[in-house]
């Protein structure tokens, strides 16, 4: 069993870690896109970030387990951090802008699609209000008739 790696092995592990950090940056952008689509509140952002960090920690554990038998090396963690930062400040900037536009487009499309539904359920809509009041009265009468029929059966 080799406890001290040679320079070639360390360099190879650093490059793998650099690539893995790059993939973790891509995963972070996926979470950012999901956050933009679903909810922009501070609480949801904190929850999504905590979930991302837990997931990336688990993935890093499995990565190090496969790559180096689970031994945590400083150059492996440094490679991951460097790969993440390279992605985040290069491709991540572009991906963030693209994801922002895509999420705005999705929200606009859903707003147009849901506009009739929103109109139906507003308080100012007289047709829906009349229908609701009619159904309310109908079910009250129906309920009274059911009570009367149940009382006469006994």
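Each reported figure results from applying straightforward, stated rules to the coordinates on display, with no laboratory input. Here the structure is a predicted model, which means the values were calculated and not measured. Quick reminder, even Gly has a Cβ in these numbers, built from the backbone with ideal geometry, and neighbours come from all protein chains shown.
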Self-check item: Filter result for the condition that a residue is in a helix (DSSP H, G or I), surrounded by fewer than 18 Cβ atoms within 10 Å (Cβ to Cβ) and free of Cβ contacts under 8 Å to residues at least 40 places away in the same chain, over 78, 11
Solution: 11
Practice problem: Please tell me if residue 51 is assigned to a helix (DSSP H, G or I), loosely packed, with under 15 Cβ neighbours inside 10 Å and out of contact with any helix residue (DSSP H, G or I) (no Cβ under 9 Å at 6 or more places or on another chain). | Solution: no
